[in-house]
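Structure record follows, encoded as structure tokens.
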Amino acid sequence: MHTLSTRATSISTQLPDDPAKTTVKKAYYLACGFCRWTSRDVGMADKSVASGGWQEPENPHTQRMNKLIEYYQQLAQKEKVERDRKKLARRRNYMPLAFSDKYGLGTRLQRPRAGTTISTLAGLSLKEGEDQKEIKVEPAQAVDEVEPLPEDYYTRPVNLTEVTTLQQRLLQPDFQPICASQLYPRHKHLLIKRSLRCRKCEHNLSKPEFNPTSIKFKIQLVAVNYIPEVRIMSIPNLRYMKESQVLLTLTNPVENLTHVTLLEYEEGDPDDINSTAKVVVPPKELVLAGKDAAAEYDELAEPQDFQDDPDIIAFRKANKVGIFIKVTPQREEGEVTVCFKMKHDFKNLATPIRPIEEADQGTEVIWLTQHVELSLGPLLP
């Protein structure tokens, strides 16, 4: 994934027939949604079309590097020819003819095998005139005199935001820009899905994309849009073998009511290997209100009455609820980690492919159990 996006703007240009008149045209440029960088910051010209390659800076040493590449390619080809010539050299036959005739191998050994004749070596030799076309590279010359620094180099104030870091320079070895205004977008390999089929039924489990930049967001396949979100809101001072109360928040990502039950792990459970503290979760079932984007901006909306227990529920706001859990650290040092299970109901809201007689049965409710692991930080002495 890359953060650059193509944006459009309108610019006025003069007509070639009548310079006194202007016309409005669309121009496209690149912009980053995180750092607010644009292609105009480094002097890249705008484009008249949204798609296509962008102008890249020219390296002043391109001709030298291309010549070196051609030289080493020719050198590698010569070395390969020499290796193949040694492999296909005629070897002396140490097997006596009497031994061969005894077992009927004489005629078989005397047959010419393809690829072992001397004539085949002619194709591996260099062509005529190859030595005359040999690429010669001038060796690099060390310079004794170095270009002096500017006079204001030691007195000029340095603005660290305008100077590139060492990592930024190494990411662009062709140019190694010194100033941030010289940074250009670099090429990045994008990940793409591969074709995957079931080993038993040959069913297509994963279909590849034609282009990494054309991957569409599959909203029905993202689990974060269905599983309630658990976050830590406040952590008290945690001490060894002392019970503390931690405030968590549960957020409902779906538009309908979600019922959540928190369960503790039994002793010796294989999923409870990272826990370093004992946790006590609310024994009652929690009801989360559905997500409503309009209710977040409506101050006059009437809140629903869920009859919450104040010892369990700290607050409730829209589709978010704050709950208390009790934590008792069991180790004298190290990080405090608690583990518990979250059981919630799930309704598949996607349109199912069913017969007409089964469509009126309603949406099937499925109960799912998730493993929750929270890191509460270090212990206090």
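For the structure I just gave you, tell me whether V137 is exposed (fewer than 11 other Cβ atoms within 10 Å of the Cβ), modelled with pLDDT of 80 or more, aliphatic (A, V, I, L, M) and assigned to a loop (DSSP other than H, G, I, E, B). Judged against the criteria, V137 is not a match.
Filtering region 317-335 down to residues that are at pLDDT 90 or above and of a type in the set (A, V, I, L, M, F, W, C), which residue is surrounded by the fewest Cβ atoms within 10 Å (Cβ to Cβ)? Residue satisfying both the conditions and the ranking: F324.
Residue count for region 1-34, restricted to those that are within 28 Å of L190 (Cα to Cα) and either assigned to a strand (DSSP E or B) or without any contact (Cβ under 8 Å) to a residue 24 or more places away in the chain (or both): 12.
Yes/no per residue for (1) out of contact with any Gly (no Cβ under 8 Å at 6 or more places or on another chain); (2) surrounded by 15 or more Cβ atoms within 10 Å (Cβ to Cβ); (3) assigned to a strand (DSSP E or B):
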position	(1), (2), (3)
V230	yes, yes, yes
Y240	yes, yes, no
L247	no, yes, yes
E267	yes, no, no
P283	yes, no, no
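A search for C-beta distances below 8 Å between a residue of region 155-181 that is modelled with pLDDT under 90 and any residue that is part of a helix (DSSP H, G or I) and acidic (D, E), counting only pairs 6+ apart in sequence or on different chains, returns C179/E162; A180/E162; S181/D41; S181/E162.
Residues that are of a type in the set (V, I, T) and surrounded by fewer than 13 Cβ atoms within 10 Å (Cβ to Cβ) were ranked within region 2-38; the one that is modelled with the highest pLDDT is T9.
What are the residues in region 148-180 that are surrounded by 11 or more Cβ atoms within 10 Å (Cβ to Cβ) and under 26 Å from the mean Cα position of the chain (by Cα), if any? Residues satisfying the conditions are T164, Q168, R169, L171, Q172, D174, F175, Q176, P177, A180. The condition of being modelled with pLDDT under 85, over 30 Å from L183 (Cβ atoms) and outside any helix (DSSP H, G or I) holds for G104.
Here the condition is being in a helix (DSSP H, G or I), modelled with pLDDT of 80 or more and surrounded by 12 or more Cβ atoms within 10 Å (Cβ to Cβ); of K67, K86, it holds for K67 alone.
The values are calculated or read from the model by the stated rules, or taken from the named source; none is laboratory data. Here the structure is a predicted model, which is why all the values come from computation and not from measurement. All Cβ positions, even for glycine, are placed from backbone atoms using ideal geometry, and neighbour counts span all protein chains on display.
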